[in-house]
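Take a look at the structure below.
The values are calculated or read from the model by the stated rules, or taken from the named source; none is laboratory data. Keep in mind that this is a model prediction, so the values were computed, not measured. Cβ atoms come from the backbone with ideal geometry, glycine included; neighbour counts cover every protein chain shown.
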Amino acid sequence: MTDRGDGIDVSVVIPVRNGAATIGEQLTALAGQRASCTWELVVADNGSTDGTCARIAVHPITGVIQTRIVDASRGIGANVARNEGIGAARGSLVVLCDSDDVVAAGWLQGYWTALGGGRPAVAAGPIDMSRLNDPRQQAWGQPLVVPEQVSGTEHGLGANMAFHRSVWDTLGGFDESYKYGFDEVEFFFRAAGRGVPFVWVVDSVVEYRLAASARGLLRKVFRHGRAGVQFSHQHQPPTESPTLASTVDTTVKIAARLALSLLTRRPQPKQQARGLVYSTGMTVELVATRYRASRWSAPRRTPPGADGR
């Protein structure tokens, strides 16, 4: 595989918005990577107002790794920042991580070994939630040790994924209409539809940081449920897409199981709560979708006198 310019094999891209409090730890972990490839770091700033760019500029990584900050403030969302960062990248292999996580030792070499000499592919690696989160937070989390699947398509998380730049070019980038979830799933799904192979890289581990509070985590789960409806309507046949009736039925059943678990002190009520919030997010989006559709299809009333009478 040849580089796209300046002798760079790999571009590590970090999308960030207001990550000043955590990005330093990620940069330190990246600076400690030992890999047999040449690589650069591209930070795509999605309109930070907390001094994120200034924090990056004074970090020691800038003295050992080619580091660039790209303006990605033309719109809000991780996919906007990803597209801007990748567009400026010079490596033929692109690897993504987030500003609030920490890549483990061997992370970059794992991806280079798996993808460096092969045909165009997409890849992802494990998500570890044990180091950056206390036991209370971990009870809400779902570590990723094997790929997840949607409609038979394997995928990982955007916080730990890689692909050849040519795949991104072919797909036309990440879909920027996804703001709060399924943003990377949609990319993996379209890649699979084009016959691009998926590779699970067990040596490329990311230590993932959960939201500090249960409220913050559940807000993210709720938004993910709403995005799941968007994904279903866009990519799945009507027979597989959720309906309002089925989703409401599922929500009620999960709520009943959660209530029973709380009353009888059964284990895993937090995971049931996650399921309830996710299903509620789906229900809300289905209602919103039906409302938008009804407004769009409703005949518009002509103001008196507008027809010339």
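Listed values, structure above:
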quantity: VAL80 vs. criteria among the β-branched types (Val, Ile, Thr), assigned to a strand (DSSP E or B), crowded, with 17+ Cβ neighbours inside 10 Å and touching a residue at least 12 places away in the same chain (Cβ under 8 Å); calculated: no
quantity: Test: SER73 is among the hydroxyl-bearing types (Ser, Thr, Tyr) and within 23 Å of GLY156 (Cβ to Cβ); calculated: no
quantity: Helices (runs of 4 or more DSSP H) wholly inside region 151-236 that include at least 2 residues being closer than 16 Å to LEU93 by Cβ; calculated: 165-171, 185-193
quantity: Top-ranked residue of region 25-34 - restricted to ones that are buried (at least 18 other Cβ atoms within 10 Å of the Cβ) and among the hydrophobic types (A, V, I, L, M, F, W, C), ranked as nearest to THR113 (Cα to Cα); calculated: LEU30
quantity: Residues satisfying the stated conditions in region 48-69, i.e. among the hydroxyl-bearing types (Ser, Thr, Tyr), buried (at least 18 other Cβ atoms within 10 Å of the Cβ) and either in a helix (DSSP H, G or I) or over 22 Å from the mean Cα position of the chain (by Cα) (or both); calculated: THR52, THR67
quantity: Subset of region 196-223 [of a type in the set (D, E, K, R), in contact (Cβ under 8 Å) with a residue 12 or more places away in the chain and surrounded by fewer than 20 Cβ atoms within 10 Å (Cβ to Cβ)]; calculated: ASP203, LYS220, ARG223
quantity: Restricting region 117-129 to residues that are modelled with pLDDT under 95 and closer than 19 Å to THR170 by Cβ, the residue that is surrounded by the most Cβ atoms within 10 Å (Cβ to Cβ); calculated: GLY118
quantity: Lone qualifier among VAL42, VAL12 - being touching a Cys at 6+ places or on another chain (Cβ under 8 Å) and either within 28 Å of TYR180 (Cα to Cα) or free of Cβ contacts under 8 Å to residues at least 60 places away in the same chain (or both); calculated: VAL12
quantity: Criterion: assigned by TED's automatic domain parsing to the domain that holds GLY193, in a strand (DSSP E or B) and modelled with pLDDT of 95 or more - qualifying residue of LEU132, LEU96; calculated: LEU96
